[in-house]
1. Among (1) touching a residue at least 12 places away in the same chain (Cβ under 8 Å); (2) more than 9 Å from chain A (Cβ to nearest Cβ), which single condition is B:GLU44 missing?
2. Only residues that are closer than 19 Å to B:LEU96 by Cα, part of a loop (DSSP other than H, G, I, E, B) and among the polar types (S, T, N, Q): list them for region A:66-106, please.
3. Residue pairs, Cβ under 7 Å, 6 or more apart or interchain, first in region B:91-110 and closer than 17 Å to A:THR87 by Cα, second of a type in the set (D, E, K, R). List them.
4. Hey, can you tell me all the residues within region B:105-124 that are away from chain A (no Cβ under 11 Å) and hydrophobic (A, V, I, L, M, F, W, C)?
5. Given the conditions (1) away from DNA strand C (no atom under 13 Å from the Cβ); (2) more than 27 Å from B:GLY108 (Cβ to Cβ), which single one is not true for A:PRO29?
6. Can you name the residue in region B:22-53 that is within 16 Å of DNA strand D (Cβ to nearest atom) and under 23 Å from A:ASN35 (Cβ atoms) and, of all such residues, is modelled with the highest pLDDT?
7. Out of all the residues in region A:90-124, which are under 14 Å from the mean Cα position of the chain (by Cα) and of a type in the set (A, V, I, L, M)?
8. Filter region A:71-104 down to residues that are β-branched (Val, Ile, Thr) and more than 10 Å from chain B (Cβ to nearest Cβ) and give me whichever is surrounded by the fewest Cβ atoms within 10 Å (Cβ to Cβ).
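The values are calculated or read from the model by the stated rules, or taken from the named source; none is laboratory data. Since the model is a prediction, treat every value here as computed from it, not as a measurement. For neighbour counting, all protein chains shown are included, and Cβ atoms are generated from backbone atoms with ideal geometry for every residue, glycine included.
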Number of protein chains: 2
Amino acid sequence: METTADIAPEQACPISPVVDLVFSRWTTPILWTLNEYGRHRFVELERRITTISPKVLTQRLRQLERDGLVSRTYHAEVPPRVEYAITDLGRSLAPLFASIADWSVNLGKVDRARQDYDAARPTG
Amino acid sequence: METTADIAPEQACPISPVVDLVFSRWTTPILWTLNEYGRHRFVELERRITTISPKVLTQRLRQLERDGLVSRTYHAEVPPRVEYAITDLGRSLAPLFASIADWSVNLGKVDRARQDYDAARPTG
DNA sequence: CTGTATCCCGCAAGATACTG
DNA sequence: CAGTATCTTGCGGGATACAG
């Protein structure tokens, strides 16, 4: 019951905590969207990330809010309006996202590696 | 029918392909280990990443090999010896890993955000 | 509009045993 | 040592309906 960074099993790897935080499923598209295009209402996020269900979107937004990466603002109007925005802490991930975007140039090499691998094993 | 990279569902987000490739489960500890500590035999990886089962380790290593991020060398000895090493392409992820490691300084802020969030919602 | 509440399902991953 | 084979399970996630 260690509240701090007690050695989690798969952690031969010091970057795992950040990976778990930032790169769990759906979090990247949400953070990217809020970072690139500014604040969004719930339904706007739903429309941008077309395949996410409302349940899962809610789950991920709550998690991101709890982690301090996203802020939620409730406007008690009729109809109600809720706005999600990235926080300063969330914005601090931008260089990290940029690093990843930079590496995308290598995706072609990955494709070629896969083709070579598969070609060398025709039947399996 | 998009001529280019046809718009995958969750891709309001151009970095998703790299995220799926590099940050799927178990891949980060494997790549980190091979990158930091050099080539490893199968059993050595098992010992470093203590909670992974041999089945899953094999699956992930095959995937990484197919993607060109890891190389596998089989030595037909008795007993057999297999060595896994990171490739040049895999090593090119190092700056990305460094970005993530750098961001780890912010984990304290995440912890505090969680405490604040939980404190504001005692019973749920 | 902004969610919750259920129910259900598939698949990644764990446990265990076994092979070359 | 370096894996495979088989079985089982947990949980994320989809679908749907409903509430404030």
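1. Every condition holds for B:GLU44 apart from (1).
2. The one that is closer than 19 Å to B:LEU96 by Cα, part of a loop (DSSP other than H, G, I, E, B) and among the polar types (S, T, N, Q): A:SER92.
3. B:VAL110/A:ASP67
4. Just the residues of region B:105-124 that are away from chain A (no Cβ under 11 Å), to begin with: B:119, B:122-124.
B:ALA119 - this is the single residue of region B:105-124 that is away from chain A (no Cβ under 11 Å) and hydrophobic (A, V, I, L, M, F, W, C).
5. Failing condition for A:PRO29: (2).
6. Ranking the candidates gives B:PHE23 first.
7. Selection gives A:LEU93, A:ALA94, A:LEU96, A:ALA98, A:ILE100, A:ALA101.
8. Pass one, region A:71-104, residues β-branched (Val, Ile, Thr): A:73, A:78, A:82, A:86-87, A:100.
Subset that is more than 10 Å from chain B (Cβ to nearest Cβ): A:73, A:78, A:82, A:86.
Working: A:THR73: 10, A:VAL78: 5, A:VAL82: 13, A:ILE86: 24.
Among those residues, the one meeting the criterion is A:VAL78.
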